[in-house]
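What follows is a short report on a single structure.
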């Protein structure tokens, strides 16, 4: 599968489209198709970029 999030860089703010309760997350790393995001309500989560297209946001 394709990496839909290859352009995401550390520090960018994102939301998980399938988990709105997690709130806004800050990208920590993006390597090898795995994106580590620190979400406000869920803590650190590793996302499989081939399965989830994170949504960039400017919400703080």
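Bear in mind these aren't lab numbers, they're just calculated from the coordinates by the rules spelled out. Remember, predicted model here, so these are calculated numbers, not experimental data. Please note: Cβ atoms are built from the backbone with ideal geometry, for glycine as well, and neighbour counts cover all protein chains shown.
Points to keep in mind about this one:
- Some residue of region 49-60 being surrounded by fewer than 15 Cβ atoms within 10 Å (Cβ to Cβ) and assigned to a strand (DSSP E or B): yes
- Residue that is in a strand (DSSP E or B) and surrounded by 17 or more Cβ atoms within 10 Å (Cβ to Cβ), where the choices are 37, 45: 37
- Checking residue 19 against (1) exposed (fewer than 13 other Cβ atoms within 10 Å of the Cβ); (2) closer than 12 Å to residue 55 by Cα; (3) touching a strand residue (DSSP E or B) at 6+ places or on another chain (Cβ under 9 Å); (4) without any contact (Cβ under 8 Å) to a residue 24 or more places away in the chain, the condition it does not meet: (1)
- On the stretch given as region 24-34, residues that are surrounded by 14 or more Cβ atoms within 10 Å (Cβ to Cβ) and assigned to a loop (DSSP other than H, G, I, E, B) total 2.
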